[in-house]
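Asks: For reference, the structure I am asking about is given below.
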Amino acid sequence: MIDRTLLRHIDWILVFLLLLNSLIGVAFIYSSSHYLPGNYHMRQLFWIGVSLIALFLFLSIDYHHLLALSPYFYGVCLLLLVGVLVFGSIVSGAKSWFRLPFFQIQPSEITKIAVILVLASFFSKFRRNTLSFVEGMMSAGIVLLPAALVTMQPDLGTALSYMPILLATMLLAGLGRRMVILILAVSLILGVVGWNFMLKDYQKQRITTLLYPDQDPLGSGYQIMQSKIAVGSGGLFGKGFKKGTQSQLRFLPARHTDFVFSVIGEEVGFTGIILVLGAYFLLLLRLFQSVEKSRDRAGVYLCFLVAFLITSQAFINILMTVGLFPVAGIPLPLLSYGGSSLLTNYLAVSLVINVKMRRFVNI
Amino acid sequence: MRNGIYEDISLILRRARMSFLVVGVALLLLVLYLWKMQILDYKKYWEMSEANRIREVILPPQRGLIKDRRGKVLATNIAAFQAAVVREESLNLEDSYLQITELLEMDAEVIRERVEKYRSFPVFHPIIIKDNLDDEEVAKIESRRREFPELIVQAKPKRSYPNATFAAHVLGYLQEISPQEIRQGTFGGRGLGDLVGRTGIEREYDSELVGASGRDLEIVESTGRYKETILREVPVDGVDIQLTLDSRLQAKAEEILEGREGAVVVMDTRNGQVLALASFPTFDPNKFINRFTPEEWMDLINNPSHPLENRAMRGLYSPGSIFKLVMALAALETNLITEHTSYYCSGSIRIYNHPFHCWFAGGHGQMDLPQAIRNSCNIYFYQLGKQLGIETIAEYARKLGLGELTSIDLKGEYAGLVPDRDWKRRVRNAPWYPGETISVSIGQGPLLVTPLQIATMTATLANRGNRVQPHLLLEEDERLSLQSSTGIGVSSANIEKVIQGMWMSVNEAGAARAARVVGMDVCGTTGSTQLVSRKTAEKLGESRRETKTHSWFTGFAPRTDSRVAVTVIVEYGGMGGATAAPVARELFRLYQELLNHD
């Protein structure tokens, strides 16, 4: 049960910023999909409601209990990831969804929460100034195991979005010079091996496309090109809400999901983008400030990992829509359409609020 | 107190702060980049967005051809043109409807209705409003391209059956997919306006035949002139299908049936390949593509002789005397009789205090089993039936495939009916009467079979008890030959005795003598199924067609190492020996000729 004093310490500003950004998302989801069947904006509103309830329910459990239970969450998530490989439905080429009667869920999203909890629990007892080799390997293993399962779906984009969690952990735990060299070496080897043996042709093409967009105007180069035209042609004030007549954008299969930022850029222009990014920045700022409000090491890790996860995904997505990053299928947190991703982000922020509201409590 | 606030976390807090600083700088750089794109390079991107207008052109696949066993094309595709509306190009849709109405002489309501159906599609998606344009209409639209950029002509292959009604029941027909089928996903990802196989091979192998459409995304200038293709998804043509049908036998079967109602099945007894499968009256599947006039459609569906029905697998008939083959085999197998057991036929017999007649009022006299089959004597089989009982009769009927689907590769086949006590209780809620067994003994009563079942049974007999799977897809052979034929658990020696009777029936002036072909060694039997009782027939008089019997023949040839089975039914054809047997003879004779010729 929640204590009344605890309720008073809920960070309502953070909840407000979370809702504000989600509602901005709904507006542009509506603008970019209202002429399609599917009522995506209504579905997103429904998901916001569900996620908000989940956020408060999640708050009722002290994060120390969550940390204690984290190995079990992590285990269940791994089972789900294996399950989805066997029983999942294929959506745009990847087996990453469980199809339920009214909606689909994507276990690879929710797994991020489990990974963050396990890492925070692991490092809450960590007292030295820099990471040792063994600890580095342990934390890498925690992240790479689910990431490998997600890669097998194959959903390389989502698997890559796990990497910032690992990076954030190492940044916080402290990297000695030897570890930095080791990580660079491993990345290089993984890169070379991955490029030659693991990446599928279309994935390689997305990367070469980024370097030479003119060589592939038909495939993903086309997507990037259209997205860039959309953003660029938005100008200072944009073409107006629902008036993004960049008809080419209709060919982007994911304009209300992964490419929602292009729609924003086209319809409300640079001015609008500054406002939207401003609201987003306030949310990120609040998340990073929360790190300072943690009473213990585990809390610091939780807040920082969540803040870093959302920030990195937002950057990757936006860089993708303006043609600076390969098309990776990573949604823009809170703004893109998608229930699983929304729920995950709300639960992640819930962890931060959880840490903050219990900072005065003695146990 | 656990960890508590006394824990020193200042170091990791400093690291977190540093990281956020990096995030802030990155965000600043991002804003600068957006400034470059949206403010400095605005003109370049704006021009690109204005100059680029995209047109989508659907590239339909070719539906797979259907060919006979020798490669003769039975179903193909020909070029046809459709008029389509692209909403994106229209300034005002209502005005467009009115103008198109004038140009194509269509009702504006019809056009609006069609366009509305596709409202949820992207606005550059062409919506077909008229099929099968003639040359004049194509020229009209093309010449006024500049005035009506929203109206375009698309070429689309159209299904065509070059020989019209030929093998129509085997090929089947296509029809527009229904909204319900789209909802249920019966035909995969196909949508409004697509044609799908409704019956026959077109239905059975629809997913193989259909292929997948592709599309072109073209950039056009604001004047509508083509600039470049930016995306091409190549259509995947459907797979061609080769049937086991032999057009020459099929043509002969249809030629003979012309003007009557009935069905013919010709099957290769060695492997179950269906060489001909004809049903009359018939229809022209092309009509389904070109759309019926309302009168034509009403005529077709209200026609009392049901031309759309495939009688060969959906026509349910009493087998009549053909069923005596089952009776003979059951009696031999249960050791009730030997081939030498004889009975006396005086033209009628009293059983259970009820008179039962032979078709030959004068009586056949004393005779053994082969003679009884040869003469198709009712009295002999009444006696067998009385002693066998309905359950044993039903058991052997099922062993020979009656009352069960043949599982031919055509959908909609009927299983017929083999009655027994259980069925009577379940369906009619009444006990089985012994007198009914006597009727069933000569293939009357509730017993119902399809011509295809009879043909399959005949092949089983020809193979001395090995059943082959009837099929129409030539490719199936390889798969089926692996499992080859399956024994039905009846002794080949006993079948040989039945075949002796069938051989005599054709070759020793028996009931099926009209099917005799010199040098073919045909074995067969006839059937004539009464539709009304003898008394009623006398009352109705000769004029009514109900007084005539359905005329059956089934048989195979040659007697040893048999190759082909022929089953014929002609509705209201009179005696089997008089009508169906001569039809079969023509087909046996043609088969013999083709064999010598090939």
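Asks: Got a sec? Which of A:M179, A:M225 is within 29 Å of B:V22 (Cβ to Cβ), assigned to a helix (DSSP H, G or I) and modelled with pLDDT of 75 or more?
Replies: A:M179
Asks: Can I ask one more? Kindly list the number of the only condition in (1) touching a helix residue (DSSP H, G or I) at 6+ places or on another chain (Cβ under 6 Å); (2) crowded, with 16+ Cβ neighbours inside 10 Å that fails for B:A108.
Replies: Unmet condition: (2).
Asks: Something else now. Kindly list the number of the only condition in (1) open to solvent by less than 50 Å² (accessible area, probe 1.4 Å); (2) at pLDDT 80 or above; (3) farther than 30 Å from B:P307 by Cβ that fails for B:D95.
Replies: Going through the list (1) open to solvent by less than 50 Å² (accessible area, probe 1.4 Å); (2) at pLDDT 80 or above; (3) farther than 30 Å from B:P307 by Cβ, B:D95 breaks only (1).
Asks: Next question, about the same structure. Go through the range A:295-317 and count every residue that is touching a residue at least 12 places away in the same chain (Cβ under 8 Å) and open to solvent by 10 Å² or more (accessible area, probe 1.4 Å).
Replies: Total satisfying the criteria: 5.
Asks: Scan the range A:252-277 for residues that are in a helix (DSSP H, G or I) and open to solvent by 30 Å² or more (accessible area, probe 1.4 Å) and jot them down.
Replies: A:V268, A:T271, A:I274, A:L275
Asks: May I pose another question? Say whether the condition of being within 14 Å of A:I165 (Cβ to Cβ) and in a helix (DSSP H, G or I) is met by at least one residue in the range A:330-341.
Replies: No: zero hits.
Asks: Shifting gears a bit: Taking the condition at pLDDT 90 or above and touching a Cys at 6+ places or on another chain (Cβ under 9 Å), does B:A372 pass?
Replies: Judged against the criteria, B:A372 is a match.
Asks: When the range A:301-311 is examined, which residues are found to be in contact with a Leu (Cβ under 8 Å, 6 or more places away or on another chain) and either more than 9 Å from every other protein chain (Cβ to nearest Cβ) or polar (S, T, N, Q) (or both)?
Replies: Residues satisfying the conditions are A:L302, A:L305, A:V306, A:I310, A:T311.
Asks: Please enumerate the residues belonging to the range B:578-591 that are open to solvent by 20 Å² or more (accessible area, probe 1.4 Å) and farther than 12 Å from B:K252 by Cβ.
Replies: The answer is B:A578, B:T579, B:P582.
Asks: Related question: Filter the range A:312-351 down to the residues that are within 12 Å of another protein chain (Cβ to nearest Cβ) and either of a type in the set (D, E) or under 26 Å from A:L66 (Cβ atoms) (or both) and list them by number.
Replies: Answer for the range A:312-351, where residues must be within 12 Å of another protein chain (Cβ to nearest Cβ) and either of a type in the set (D, E) or under 26 Å from A:L66 (Cβ atoms) (or both): A:S312, A:A314.
Asks: Take the conditions over 27 Å from B:E202 (Cα atoms), open to solvent by 40 Å² or more (accessible area, probe 1.4 Å) and in contact with a helix residue (DSSP H, G or I) (Cβ under 9 Å, 6 or more places away or on another chain) and apply them to B:L151. Does it pass?
Replies: No, not satisfied.
Asks: Also, quick follow-up: Quick one: in the range B:172-194, of everything that is at pLDDT 85 or above and within 29 Å of B:V138 (Cβ to Cβ), which residue is nearest to the chain's Cα centre (by Cα)?
Replies: Among them, the one singled out is B:Y173.
Asks: What are the residues in the range B:10-19 that are open to solvent by 40 Å² or more (accessible area, probe 1.4 Å) and either within 7 Å of another protein chain (Cβ to nearest Cβ) or basic (K, R) (or both), if any?
Replies: B:L11, B:R14, B:R15, B:R17, listed by residue number.
Asks: Can you confirm whether B:R2 is within 7 Å of chain A (Cβ to nearest Cβ), at pLDDT below 90 and loosely packed, with under 13 Cβ neighbours inside 10 Å?
Replies: Yes, satisfied.
Asks: Is it true that some residue in the range A:283-292 is charged (D, E, K, R), within 11 Å of chain B (Cβ to nearest Cβ) and buried (at least 21 other Cβ atoms within 10 Å of the Cβ)?
Replies: Checked against the condition, which is being charged (D, E, K, R), within 11 Å of chain B (Cβ to nearest Cβ) and buried (at least 21 other Cβ atoms within 10 Å of the Cβ), the range A:283-292 yields no hits at all.
Asks: Filter the helices (runs of 4 or more DSSP H) completely within the range B:270-341 down to those with at least 1 residues that are crowded, with 17+ Cβ neighbours inside 10 Å and in contact with a Ser or Thr (Cβ under 8 Å, 6 or more places away or on another chain).
Replies: B:286-290, B:311-314, B:324-333
Asks: Just to be sure, is A:I353 open to solvent by less than 10 Å² (accessible area, probe 1.4 Å), in contact (Cβ under 8 Å) with a residue 60 or more places away in the chain and outside any loop (DSSP other than H, G, I, E, B)?
Replies: yes
Asks: Modelled with pLDDT under 90, open to solvent by 30 Å² or more (accessible area, probe 1.4 Å), within 14 Å of another protein chain (Cβ to nearest Cβ) and farther than 30 Å from A:V291 by Cβ, is that true of B:E50?
Replies: yes
The values are calculated or read from the model by the stated rules, or taken from the named source; none is laboratory data. Note that this is a predicted model, so its numbers are computed, not measured. Cβ atoms come from the backbone with ideal geometry, glycine included; neighbour counts cover every protein chain shown. Just so you know, the surface numbers come from the protein's heavy atoms only, side chains and all, with ligands and any DNA or RNA stripped out. Shrake-Rupley method; radii C 1.70, N 1.55, O 1.52, S 1.80 Å.
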